[in-house]
Each structure stands twice: as C-alpha cells, then as structure tokens.
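Below: the structure, in structure tokens.
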Amino acid sequence: MASVLDLAPVVPVVVLDDAADAVPLARALVAGGLPAIEVTLRTPAALGAIRAIADGVPEAVVGAGTVLTARGVRDAVAAGARFLVSPGWTDALVQAMRASGVPFLPGVSTASEVVALLERGVSEMKFFPAEAAGGIPYLKSLSGPLPQARFCPTGGISLASAPSYLALPNVGCVGGTWMLPADAVAARDWGRVEALARGAAALAG
C-alpha cells in the first residue's frame, strides 16, 4: 500500500465499545465506498475490532488510530492493522511506526512539527485537531512554504466542511465521524451508516 492518503477521500474514525459490532460496521462502510477504516485504540475492544475486520472483511483496509506507544504499534500490527495514525509524535513513536513496515500518519498541529517530520523523511501526516488548530486557512498557509507535506486533517470536520478541505492541494483525505452517528451505531442501524458513507465517498467526485 503506497499511501493512506490515496485510499479514499474520507477515512471513518471508529470508536467501538463492542468488538462484535466491528464486522457489520466495516461491511456497511465498505459497501458505502469507504474502504479505509481507522479504529482508534481508545477502548478495550479496539484490538479485537481490528482483528475482526482484518479477518472478516478482506475488502476493508483497517488501520489503528490513537497510536501512542511502541507497544501500541506492535499490538495494532499484530492484530492486523494495515496503517497507523497518531494524534501527535515523538522520535521514539516515529521510529516504532517506521519499523512496523506499514504506512503511518504521525499527528501535527504546528509548522515546526511539520518541518521536524520532513527533516526525518516523513512527508505524510495527520493534521489534528484540524478545526481547533486553524482548519482550512492554516493548512492553506502551510502549502506555500511546505508544499512537500501532505495531510489527512481530522477533528471537527463535517460533511459540509470536508469538500473545502479536500480542495486544498496539500490534503489527500480527511478523517471524520459524521458517517458514524452514535445513535446509529448504538442501534446497529448499518443501513444508515452505509447511506452516510455513500454520501462521504461521493466527495471524491
């Protein structure tokens, strides 16, 4: 896999409390046209959910989000994660992610962090928390002096704002949760999730 940024215009950011929901949720997202799925390591069910999707939904490209430690990297890849995403980075974390052999997006929110990662040979990053950190104007400002950096902005992005992010030259995709309303997931309304995913996938056009 060459780049996480080129898999789909939108990467759903999934928080699951029950690994049993992972496969039907992933199938709904894939059916809606969103094959790249980031399962955040925020709950005890996360690694089981990644494993279930990796085993049960081969057409999905499942990744791990909120990766904070070298152990988290190892556990996620062992569970079947095919890409890694972190909200921020340290040298130790970048080294562990690079050593994993799978694509990764370390998180940044300042120009200095971007420059530091470029210095380390990393040009693809997560911009987080996108809206709180300056959003579209900030990313547009970065594209001039740092055109070699490409981003997946995540945090506060909606169906309404996503097209403006995706129009930026330095944005490859966006991360979001709007296609996963908490009430739909709680009710296991996978048809609604699929419909919302289809709307998000259409942003590629």
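Every read-out reported here was derived from the displayed coordinates using simple, explicitly stated rules and does not represent laboratory data. Quantities reported herein were computed from a predicted structural model and do not represent experimental measurements. Virtual Cβ from ideal backbone geometry, glycine too; neighbours counted across all protein chains shown.
Summary table
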quantity: Pairs of Cα atoms farther than 21 Å apart, the range 62-156, %; calculated: 29 percent
quantity: Positive-end extreme of charge dipole, the chain - chosen from Val13, Met97, Leu166 (charges on Cβ); calculated: Met97
quantity: Protection proxy ranking of 145-155, 69-79, 4-14 - average other beta-carbon atoms within 10 Å, highest first; calculated: 4-14, 145-155, 69-79
quantity: FRET efficiency, Glu59 to Val115 (Cβ-Cβ, R0 45 Å, nearest 0.05); calculated: 0.75
quantity: Charge dipole magnitude, Cβ of K and R +1, D and E -1 - the chain, Cα centre, debye nearest 20; calculated: 240 debye
quantity: Stretch gain in nm, segment Ala204-Asp91, where the contour uses 0.36 nm per residue and the Cα spacing is subtracted; calculated: 37.3 nm
quantity: Fewest-first sequence of Asp21, Asp55, Asp91 by Cβ atoms within 10 Å of each Cβ; calculated: Asp91, Asp55, Asp21
quantity: Mean separation of Cα contacts under 8 Å (6+ apart) over length of the chain, as relative contact order %; calculated: 23 percent
quantity: Cut-off 12 Å (backbone N to label point 7 Å along Cα→Cβ of Leu68), residues of the range 77-97; calculated: 87-88
quantity: Largest to smallest principal axis extent of the C-alpha atoms in the range 4-197, angstrom; calculated: 45, 37, 24
quantity: Ranked list, fewest to most other Cβ atoms within 10 Å of each Cβ, for Glu113, Glu194; calculated: Glu113, Glu194
quantity: Cα-projected label distance for Arg42 with Ala186, points at 7 Å along beta-carbon direction, nm; calculated: 1.5 nm
quantity: Rounded FRET efficiency, nearest 0.05, which uses the C-beta distance separating Tyr138 from Ala195 and R0 of 30 Å; calculated: 0.40
